[in-house]
Amino acid sequence: MDQIVIHGGRRLVGEIPISGAKNAALPLMAASLLTADTLSLSNVPYLADITTMAHLLAQHGVVLHMNGNAENGSPENSGHGGVIDMRAETISSVVAPYDLVRKMRASVLVLGPLVARVGEAKVSLPGGCAIGTRPVDLHLQGLERLGAEIRLEEGYIHALAPRGLTGAKVVFPQVSVGATEDLLMAACLAKGETQLLNAAREPEIVDLGECLIKMGAEIEGLGTDRITIRGVAKLNGAAHAVVADRIETGTYAIAAAITGGTLELIGGRADHLAAVIKVLNEAGVTVEETPRGIKVQRSNGPVRGVDVMTEPYPGFPTDLQAQIMALMSTAEGAAMITESIFENRFMHVPELTRMGANLNVHGASAMVRGRPQLTGAEVMATDLRASVSLVLAGLAAEGETVLNRVYHLDRGYEHLEQKLAACGADIARRRAPV
Ligand code: EPZ
């Protein structure tokens, strides 16, 4: 198993290209199930989760060509900003098996498209994960509103709509990114009008909706909490470039801040990071838009402590909570960080503490008392964003940090070591000693 080794204390200076968003690419790939024509996605990041989704789609009968090579779901030749062509001419299986779904919860996004296209889906229940129990009840209730019959059998969700789905008003009791995406896709092929109320507003949902519109869908209200979809009989193929990853952008913005450096994040979108930029500005970090992206700089003294609460978009993203905690661990003063989306997303706290951070968790909040200097340590993490927060802490820490379980990072950060090393970080991947 690989490790990442960091010798901290170097200011990062330079530019980092921002990849396409994993969390946009995954639902966009699932949307290929909605049409018999080719959906061509560009700017797709080369990540383990993308490969998992490709495998899942392949076993539903989707023929995938990645960067021009027919691969049946193994994108070895995929590099930065890959192109994936997907053609679901026939759906050969409606089953999403446990082995693939347990690897990646986003697999549940095939549910809505399969029921809408062929009237049946059998998708393994995902089970819990490191950041919480993460039920899928909102996906199921929404599909039931559109007329699907849902049975839970032997660990599987069996959804049936033999005569197709019918548009309806779906009021989400809680904002859910995944449920909004699943229902948005399903409603495109339902008969009549669907309204999604209290819908999620994340840029990844807007990106999905824009691609669906290119495929012939009739959608209004993207980016608001009320999305209206008028179902059509069939969708066409389309070509679409995946939106820039706002979480990767925010992570590298924090890398600039925590190392006292200057980074230009090429392709980064300030308009997708307003809540994060506000926190960084209050902390004393400068963020400016440039013709190519955004430039982040901390040059005047330590970061100041700022309270942060995660919220659905446009609030501060839960996917940057661990990273901002690493930054606040080095701040002058204290910061209260509150996680309001997931009930168990503080798994990075004990590991950051091993690096010298002063953190106290009370329920959904962590009190962070900044320290002038973190120290390197051997650490491990349980999920993607927790892992990258330890990388950020390692970049600022004195001495050597060794990060175990690197496979978490490979799920969501394309070429992480190369991107950081190109800006002066002392970071390398090696095989863990046995
Ligand atoms: C998406 O997960 C992201 N994943 C997550 O990214 C992100 O943390 C999350 O949205 C919140 O922004 C992808 O886009 C692939 P939710 P999702 O449904 O869709 C509860 C990362 O690191 N809920 O918005 O699964 C749920 O338990 C990650 O890249 C229900 O109760 O998140 C949570 O508390 C991990 N019932 C809250 O809603 C449901 O049916 C928000 O979850 C669905 C969700």
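The values are calculated or read from the model by the stated rules, or taken from the named source; none is laboratory data. Every value quoted in this text rests on a predicted model; they were computed, and no experiment measured them. Reconstructed Cβ throughout: ideal geometry from the backbone, glycine too, with neighbour counts over all protein chains shown.
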Practice task
Can you tell me which residue among Glu210, Glu144 is of a type outside the set (A, V, I, L, M, F, W, C), in a helix (DSSP H, G or I) and over 26 Å from the mean Cα position of the chain (by Cα)?
Solution key: Glu144
Exercise for the section: Please specify each residue of region 160-181 satisfying the condition of being within 13 Å of the ligand (Cβ to nearest atom), aliphatic (A, V, I, L, M) and outside any strand (DSSP E or B). Expected result: Val175, Val177, Ala179
Handout entry: Of the criteria (1) hydrophobic (A, V, I, L, M, F, W, C); (2) surrounded by fewer than 19 Cβ atoms within 10 Å (Cβ to Cβ); (3) within 29 Å of Lys103 (Cα to Cα), which one Ala422 fails
Key = (3)
Handout entry: Selected residue [in contact with a Phe, Trp or Tyr (Cβ under 8 Å, 6 or more places away or on another chain), closer than 30 Å to Glu343 by Cα and of a type in the set (Ser, Thr, Tyr)] from Thr224, Thr180
Key = Thr180
Handout entry: Boolean, His55 is part of a loop (DSSP other than H, G, I, E, B), within 19 Å of the chain's Cα centre (by Cα) and either closer than 30 Å to Gly424 by Cβ or modelled with pLDDT of 95 or more (or both)
Key = no
Exercise for the section: Select, from Val285, Val349, Val296, the only residue that is at pLDDT 95 or above, within 27 Å of Gly132 (Cβ to Cβ) and not charged (D, E, K, R). Expected result: Val349
Handout entry: Test result for Ile157, touching a residue at least 40 places away in the same chain (Cβ under 8 Å) and in a loop (DSSP other than H, G, I, E, B)
Key = no
Handout entry: Selection status of Leu327, within 15 Å of Ala275 (Cα to Cα) and either within 10 Å of the ligand (Cβ to nearest atom) or modelled with pLDDT of 95 or more (or both)
Key = no
Completion exercise
Residue hits (region 126-150; near the ligand (Cβ under 6 Å from one of its atoms) and in contact with a helix residue (DSSP H, G or I) (Cβ under 8 Å, 6 or more places away or on another chain)) are Arg134, Val136, Leu138, His139
Practice task
Return a yes/no flag: does region 354-366 have any residue that is assigned to a helix (DSSP H, G or I) and modelled with pLDDT of 95 or more.
Solution key: yes
Exercise for the section: Give region 380-408 a look and list any residue that's surrounded by fewer than 24 Cβ atoms within 10 Å (Cβ to Cβ) and not in a helix (DSSP H, G or I), or say none. Expected result: Met380, Thr382, Asp383, Glu398, Gly399, Glu400, Val402, Asn404, Arg405, Val406
Problem - Flag if Ser107 is in contact with a strand residue (DSSP E or B) (Cβ under 8 Å, 6 or more places away or on another chain), crowded, with 17+ Cβ neighbours inside 10 Å, of a type outside the set (Val, Ile, Thr) and under 27 Å from Ala238 (Cβ atoms) - result: yes
Practice task
For Pro173, state whether it is under 24 Å from the mean Cα position of the chain (by Cα) and more than 24 Å from Lys22 (Cβ to Cβ).
Solution key: yes
Practice task
Tally the residues that are surrounded by fewer than 23 Cβ atoms within 10 Å (Cβ to Cβ), part of a loop (DSSP other than H, G, I, E, B) and under 21 Å from the mean Cα position of the chain (by Cα), restricting the search to region 225-277.
Solution key: 3
Fill in the blank from the handout: Filtering region 357-379 down to residues that are farther than 21 Å from Asp2 by Cβ and either aliphatic (A, V, I, L, M) or crowded, with 18+ Cβ neighbours inside 10 Å (or both) yields Ala357, Leu359, Val361, Ala364, Ala366, Met367, Val368, Gly370, Leu374
Exercise for the section: Return a yes/no flag: does region 296-316 have any residue that is hydroxyl-bearing (Ser, Thr, Tyr), within 16 Å of the ligand (Cβ to nearest atom) and in contact with a helix residue (DSSP H, G or I) (Cβ under 8 Å, 6 or more places away or on another chain). Expected result: yes
Exercise for the section: Take region 34-44 and flag every residue that is in contact with a helix residue (DSSP H, G or I) (Cβ under 6 Å, 6 or more places away or on another chain) and within 18 Å of Asn23 (Cβ to Cβ). Expected result: Leu39, Leu41, Val44
Practice task
Determine whether Ala217 is away from the ligand (no atom under 16 Å from the Cβ), more than 18 Å from the chain's Cα centre (by Cα) and within 20 Å of Ala24 (Cβ to Cβ).
Solution key: yes
Completion exercise
Considering residues that are under 18 Å from Gly9 (Cβ atoms), modelled with pLDDT under 95 and under 21 Å from the mean Cα position of the chain (by Cα), the number found within region 372-422 is 0
